[in-house]
């Protein structure tokens with residue numbers, strides 16, 4: 001049964017004020033569940049994001065024979081089955097809207113001698129999986145059936161996995177991580193060579209669980225990752241920090257709603273995830289880091305954000321991997337800046353939950369902001385404000401929906417979205433948190 005759309009409208013009311021903590025990081029939550037399932041023994045997780053995407057991953061690890069139990073809000077335990085120990089599931093593995101959960105689990109299953117069918121919602125069924133399947137097939141897995149390299153697909157894991165040297169043609173942490181998870185079951189060393197470094201949560205968490213890997217710098221932006229296969233992963237406690245991609249939405253709202261002063265607690269500041277902060281600082285944003293600390297191997301801090309004037313900038317393509325999910329809300333900030341903002345090298349946005357590049361341009365144009373796509377670049381003509389008044393088609397994309405609602409909180413006229421239901425995939429409680437700061441969403 002398909003849920004009815006949940007339209008929502010945001011209006012300008014007054015300054016946003018207060019102190020909030022956004023949900024746990026989605027990337028780390030997925031990895032905590034999967035690596036906990038591949039460890040031997042019990043892993044305890046605190047602060048797990050309990051959005052639909054992550055809960056679907058929890059369902060998948062249960063279907064594959066691991067135990068995943070919730071003890072309270074964000075408090076979970078996983079009793080794993082060991083590397084290569086997944087059992088064949090009785091039914092399809094349904095990942096809903098989650099490309100991350102699906103692609104990472106393809107890697108984890110590829111190293112096990114089982115067969116599993118992967119599926120998802122209408123949006124996920126449109127997303128390409130072939131670039132993940134190709135290296136997994138080199139490791140020894142086989143694609144038995146697929147919809148032209150898309151879901152639903154059936155994967156037979158490798159009975160005798162082999163190590164490979166893999167050089168991704170696109171900068172994708174999901175692709176890299178799928179290969180590393182499959183390579184856990186292979187003897188010898190698997191090497192992944194990145195021309196552009198992507199988020200390194202998988203590498204950090206593998207080390208946290210006792211895997212042996214080396215990370216070397218190559219050139220200006222690249223890395224060479226070498227993983228020793230067939231480790232016995234040891235359970236370790238995990239504290240999931242607040243998600244910087246989710247934090248970007250109230251953060252930008254605080255910057256563009258006049259008079260706002262907001263503190264975001266415990267936000268992860270991994271250098272490979274802070275492109276949005278670097279860019280906003282270049283635009284003149286007032287963002288202060290408070291109480292910096294280490295949690296579970298990741299740097300975190302509280303961020304104090306105050307409204308102020310922004311200016312247009314050029315965002316280099318090399319920064320894209322460190323902020324790939326934040327471009328829709330950055331484009332909203334660019335609309336409220338003075339001058340032109342050019343965001344370069346956004347090819348990867350075309351294969352997100354929607355064609356996120358086209359969807360972001362539509363969001364802006366539909367609310368009176370001049371925006372154009374030139375190749376893989378997005379160009380926004382900011383004028384310090386936005387007219388608003390539009391109804392935004394979200395295309396089942398949670399980040400387009402949240403970006404549009406942030407725009408509505410500062411626009412001259414309200415901004416509506418056709419369906420806000422998908423926000424729950426990554427940011428459950430978004431509407432309530434924004435209202436707690438003084439936002440008008442109804």
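Tabulated data
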{"read-out": "Any hit, region 209-225, residues being in a loop (DSSP other than H, G, I, E, B), in the same structural domain as residue 341 (by TED's automatic domain parsing), modelled with pLDDT of 95 or more and surrounded by 16 or more Cβ atoms within 10 Å (Cβ to Cβ)", "value": "no"}
{"read-out": "Number of the condition not met by residue 178 [criteria: (1) touching a residue at least 60 places away in the same chain (Cβ under 8 Å); (2) more than 24 Å from residue 345 (Cα to Cα); (3) part of a helix (DSSP H, G or I)]", "value": "(2)"}
{"read-out": "Residue among 300, 267 that alone is assigned to a strand (DSSP E or B), closer than 18 Å to residue 330 by Cα and assigned by TED's automatic domain parsing to the domain that holds residue 252", "value": "267"}
{"read-out": "Selection within region 182-204 - outside any loop (DSSP other than H, G, I, E, B) and surrounded by fewer than 20 Cβ atoms within 10 Å (Cβ to Cβ)", "value": "189, 191, 193, 204"}
{"read-out": "Filter result (at pLDDT below 95 and either in a loop (DSSP other than H, G, I, E, B) or farther than 26 Å from residue 117 by Cα (or both)) within region 51-67", "value": "51"}
{"read-out": "Total residues in region 227-245, condition out of contact with any helix residue (DSSP H, G or I) (no Cβ under 9 Å at 6 or more places or on another chain) and farther than 12 Å from residue 207 by Cα", "value": "4"}
{"read-out": "Of all residues making up region 160-175, the number that are under 24 Å from residue 40 (Cβ atoms) and touching a residue at least 40 places away in the same chain (Cβ under 8 Å)", "value": "2"}
{"read-out": "Single residue of region 106-124 satisfying the filter (more than 18 Å from the chain's Cα centre (by Cα) and not in a loop (DSSP other than H, G, I, E, B)) that is farthest from residue 397 (Cα to Cα)", "value": "115"}
{"read-out": "Qualifying residues in region 9-28 (those that are over 17 Å from residue 423 (Cα atoms) and surrounded by 24 or more Cβ atoms within 10 Å (Cβ to Cβ)) - the one modelled with the highest pLDDT", "value": "16"}
{"read-out": "Condition broken by residue 70, with the remaining ones in (1) part of a strand (DSSP E or B); (2) over 18 Å from residue 179 (Cβ atoms); (3) touching a residue at least 24 places away in the same chain (Cβ under 8 Å) satisfied", "value": "(3)"}
{"read-out": "Selected residue (criterion: farthest from residue 103 (Cα to Cα)) from residues of region 323-345 that are surrounded by fewer than 21 Cβ atoms within 10 Å (Cβ to Cβ) and without any contact (Cβ under 8 Å) to a residue 40 or more places away in the chain", "value": "342"}
{"read-out": "Hits in region 10-39 (condition: assigned to a loop (DSSP other than H, G, I, E, B) and in contact with a helix residue (DSSP H, G or I) (Cβ under 8 Å, 6 or more places away or on another chain))", "value": "12, 13, 16, 22, 23, 25"}
{"read-out": "Region 354-405, residues that are surrounded by 17 or more Cβ atoms within 10 Å (Cβ to Cβ) and on the phi > 0 side of the Ramachandran plot", "value": "368, 388, 395, 396"}
{"read-out": "Positions within region 137-160 being out of contact with any strand residue (DSSP E or B) (no Cβ under 9 Å at 6 or more places or on another chain) and crowded, with 19+ Cβ neighbours inside 10 Å, in sequence order", "value": "140"}
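The values are calculated or read from the model by the stated rules, or taken from the named source; none is laboratory data. Keep in mind that what you see is a predicted model, and the values were worked out from it rather than measured. Counting neighbours? That spans all protein chains shown, and the Cβs are built from the backbone with ideal geometry, glycine included.
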